[in-house]
């Protein structure tokens, strides 16, 4: 945090993205929000792929903020779990709304930055681990998306 109390741009972007993806509109009569992730997740294969790609931006910001590798691993797990939940038709979308991977990852980012606001410069090992933890979940989600689309086309074509 700067002397003026302003938030670093990385965290502002991630906060806005988490709200957009998980809490854009409050469900009337509840304290539960729903975001773009749940809506685009309704499109089999492509929705989860697109949602995970957008959600990966919070991971990218976490790497830029030099969040510790164990925290990046937790964030990657949240993205993978989000994608796996999306595989279950309809029920998975409801579970996805409850899981809120983007909000969870934003909180992890906030906590890590608060715990170490002035991290050391990244080492080659950190960069390798960070790239693996950021790219690997996205590659897995791409594979899941492609598999879902292939199975859907086979099911439709009979």
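General observations
- Considering residues of region 104-122 that are surrounded by 14 or more Cβ atoms within 10 Å (Cβ to Cβ) and touching a residue at least 60 places away in the same chain (Cβ under 8 Å) only, the residue farthest from residue 43 (Cα to Cα): 113
- Residues located in region 123-158, provided they are touching a helix residue (DSSP H, G or I) at 6+ places or on another chain (Cβ under 9 Å) and exposed (fewer than 14 other Cβ atoms within 10 Å of the Cβ): 125, 127, 131, 135, 136, 146
- Test: residue in region 27-35 that is touching a strand residue (DSSP E or B) at 6+ places or on another chain (Cβ under 9 Å), surrounded by 15 or more Cβ atoms within 10 Å (Cβ to Cβ) and in contact (Cβ under 8 Å) with a residue 24 or more places away in the chain: yes
- Check on residue 101, touching a residue at least 60 places away in the same chain (Cβ under 8 Å), surrounded by 13 or more Cβ atoms within 10 Å (Cβ to Cβ) and under 19 Å from residue 74 (Cβ atoms): yes
- Of the residues examined, residue 136 is not one that is in a helix (DSSP H, G or I) and modelled with pLDDT of 90 or more.
- Helices (runs of 4 or more DSSP H) wholly inside region 1-104 that include at least 3 residues being touching a helix residue (DSSP H, G or I) at 6+ places or on another chain (Cβ under 9 Å), at pLDDT 80 or above and within 29 Å of residue 117 (Cβ to Cβ): 9-22, 46-64, 69-85
The values are calculated or read from the model by the stated rules, or taken from the named source; none is laboratory data. What you see is a predicted model; the values in this text were computed from it and never measured. Here the Cβ is made from the backbone with ideal geometry for all residues, glycine too, and neighbour counts use every protein chain on show.
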